[in-house]
Amino acid sequence: MKVLVVGNGGREHALAWKLLQSSKVEQVLCVPGNGGTATLERCINLPLTIDDFEGIRKAIQKHQIDLVAIGPELPLAMGMTDYLQQHDITVFGPTQTGAQIEASKSWAKKLMQDASVPTAKSATFTDNEVDAALSYVAQQGAPIVIKADGLAAGKGVTVATTIEEAVSAIQASFNGQFGLAGECVVVEEFLTGQEASVLALTDGKTIVPLLPAQDHKAVGEGDTGPNTGGMGVYAPAPVVTPEMLTQVQEQVLQPTLSALQERGIDYRGVLYAGLMISPNGEIKVLEFNCRFGDPETQAILPLLDTPLEDLLLACAEGRLADVEVRWKSGASACVVMAAGGYPGDYKKGDTITGLDKAEAAGAVVFHAGTRLKDGQVVTDGGRVLGVTATGHDFDDAFARAYTAVDSIEFEGRYFRRDIGHRVRSKS
């Protein structure tokens, strides 16, 4: 079969890499792909943009694609699945209505409340309710969380430690900092504990959790500094015990799927629950995403034993109950290498060296912000690479990952040395 993967990040490189491990997958095409997918055997990058629905449809028909896997949230929120399905194309990824679970935080909150899914207490305000929003914040006190309602490329959340910071975040959102995404804000109680990600696959009827993962969002060591798209991740996250995963299935995933069904939404793809686990083990949903996580996917897929295309097709065709999800033993660790200055301003176009040496050290290097220029891989984004390794335990996996990281050079490269600090030996 032939598969087309939409997107150009580390997640999409990981999807293409995993699909190509199967003898049943003849070829993967990426739109637009990156420097990593450009160098994968049996993989072709197509020079199209992710919002060019018609161009993508023509490419699918020209190359006789059997399955489309949509990586990022934006084309899902724009209705790519709906458009392709109208042309009888098999798609992995929810429809535009289903993608609202990520594209509108207020919509997701209402869904959770209706489904009795545990989540933080919140209130929603539009840009003509400024006074009401500020009054609510003053009543609740700080710390408090301010979220732009729509898609803001991961930058729409402020954890305000003072009332002044919260007021400033609300005003910035209503004054156009996030464009249309910020015309409505969700003000949420501040939760404490450890964050974890549970990505689940669903065909609209059956929902199956993947291995839990734990991401490091802050740019600085010791989980300090501004939030990023993720500086590293590991799986399976011990903070989510097998008993807790059953609880997530029963209290979060199943009720959410049922609530989607009640709304007449046939949701097929990934339902990704971002969780806060309190010190006493209480679970609350921070957010839902409508797609594979990045960088979670880069840590989870290397441990997947079931062929990925079997799972994606089963979800798209409504027969997930017939496919067993199997896992390899061991642990997986991913360390993100970023451009200097990220998540602020950063440079592009710097040559990357040492990739072969990193792979020889036993790692898989997933490209995120890279492109191929004159036969050389150069930087082309903030998060540049996700260096992933597996091992029999976390110490082994992280040792391999960091050995590989140390082999790779590009100007201004930046990475955290303490990814996995909760699961690595202190010695």
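Please treat every number below as a calculation from the coordinates, not as lab data. All values derive from a computational prediction rather than experimental measurement. Neighbour counts are summed over all protein chains in view; Cβ atoms, including those assigned to glycine, are modelled from backbone coordinates with ideal geometry.
Here are the numbers for this structure:
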item: Segment 235-295, Cα convex hull volume normalised per residue, Å³; result: 95
item: Taking W327, W107, W17 and counting other C-beta atoms within 10 Å, the order from fewest to most; result: W327, W107, W17
item: Computed over segment 2-95: relative contact order in percent, which uses C-alpha pairs under 8 Å that are six or more apart; result: 28
item: Segment E243-K110, length gained on full extension (0.36 nm per residue, minus Cα span); result: 45.2 nm
item: Residue of D52, D396, D82 that the Gaussian network model of the chain assigns the largest fluctuation, springs spanning Cα pairs under 10 Å; result: D52
item: Residue-span extension gain [T224 to W327] - 0.36 nm each, minus C-alpha spacing; result: 33.8 nm
item: Straight-distance crosslink candidates among aspartates and glutamates, where the alpha carbon sits under 13 Å from K18 and sequence neighbours closer than 8 are dropped; result: E26, E41, D305, E309, D310
item: The chain, relative contact order [Cα under 8 Å, separation at least 6], %; result: 16
item: Dipole in debye (nearest 20) - the chain, about Cα centre, beta carbon charges: Lys, Arg +1; Asp, Glu -1; result: 540
item: Contour excess over end-to-end distance, with Cα ends at R42 and D88 and 0.36 nm allotted per residue; result: 14.0 nm
item: Listed pairs K155/K284; K217/K347; K105/K205; K58/K357; K110/K328; K62/K110 exceeding 31 Å between Cα atoms; result: K58/K357; K110/K328; K62/K110
item: Segment 298-353, relative contact order in percent, only Cα pairs under 8 angstrom and at least six apart counted; result: 36
item: E183-A360 FRET efficiency (beta carbon distance; Förster radius 45 Å; 0.05 resolution); result: 0.35
item: By average C-beta atoms within 10 angstrom, highest first, the peptides 72-78, 89-95, 21-27; result: 89-95, 72-78, 21-27
item: Compactness index (Cα Rg / 2.2 N^0.38 Å), segment 121-189; result: 0.94
item: Evaluated at q = 0.18, 0.28 Å⁻¹: base-10 log I(q)/I(0), Debye formula over Cα of segment 270-332; result: -0.86, -1.15
item: Isotropic mean projected area of the C-alpha convex hull, segment 1-106 (nm²); result: 6.3
item: Convex hull per residue volume in Å³, alpha carbons only, for segment 331-407; result: 76
item: Table column - 3J(HN,Hα) (Hz), segment 324-334, Karplus curve with 6.51, -1.76, 1.60, x for Gly and Pro; result: 8, 8, 10, 10, 7, 7, x, 10, 10, 9, 10
